[in-house]
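Below is one structure, written out as structure tokens, with a few remarks after it.
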Amino acid sequence: MINARVDVFVRPRPEGGGDAVEEAVERARRYLEAGADCCYPILAPLEALTALVADIDGPVNAMCWPGGPSLAELTATGVARITFGSSLHHRATEELAAVAQALHAEV
């Protein structure tokens, strides 16, 4: 599956830098026309996701991260796919480190 990243929300836009949602829709359209299966406007704010889902003629992927929108909020936007990025790996690594520290403390 080709999940095409649309990075217009990753960095703050400069003053007068145009509408991020419009740019994301245009980029997603081009990716889908080129054969992508899904578009991924990484770090798109919740309020933008609903517009993106409505305006992009194809599946939209959203990211769920600690402190970000909940799974229920993301699902309510109508996205086709939810990604956890590296957050699951980081959480598992933190838990493993805590277990290792506890075991070390017992020795």
Single residue of 88, 74, 43 found to be assigned to a helix (DSSP H, G or I) and under 11 Å from the mean Cα position of the chain (by Cα) | 74
So which residues in region 72-106 are small (Gly, Ala, Ser) and surrounded by 11 or more Cβ atoms within 10 Å (Cβ to Cβ)?
-> 76, 78, 80, 85, 87
Looking at (1) surrounded by 15 or more Cβ atoms within 10 Å (Cβ to Cβ); (2) at pLDDT 95 or above, which is the one condition that is false for residue 69?
-> (2)
Filter region 57-66 for residues that are part of a loop (DSSP other than H, G, I, E, B) and of a type in the set (A, V, I, L, M, F, W, C); which is surrounded by the most Cβ atoms within 10 Å (Cβ to Cβ)?
-> 64
Answer residue from region 75-94, given it is among the hydroxyl-bearing types (Ser, Thr, Tyr) and touching a Pro at 6+ places or on another chain (Cβ under 9 Å) and is nearest to residue 46 (Cα to Cα) among those | 77
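The values are calculated or read from the model by the stated rules, or taken from the named source; none is laboratory data. The model shown is predicted, which means the values in this text are computed figures rather than measured ones. Counting neighbours? That spans all protein chains shown, and the Cβs are built from the backbone with ideal geometry, glycine included.
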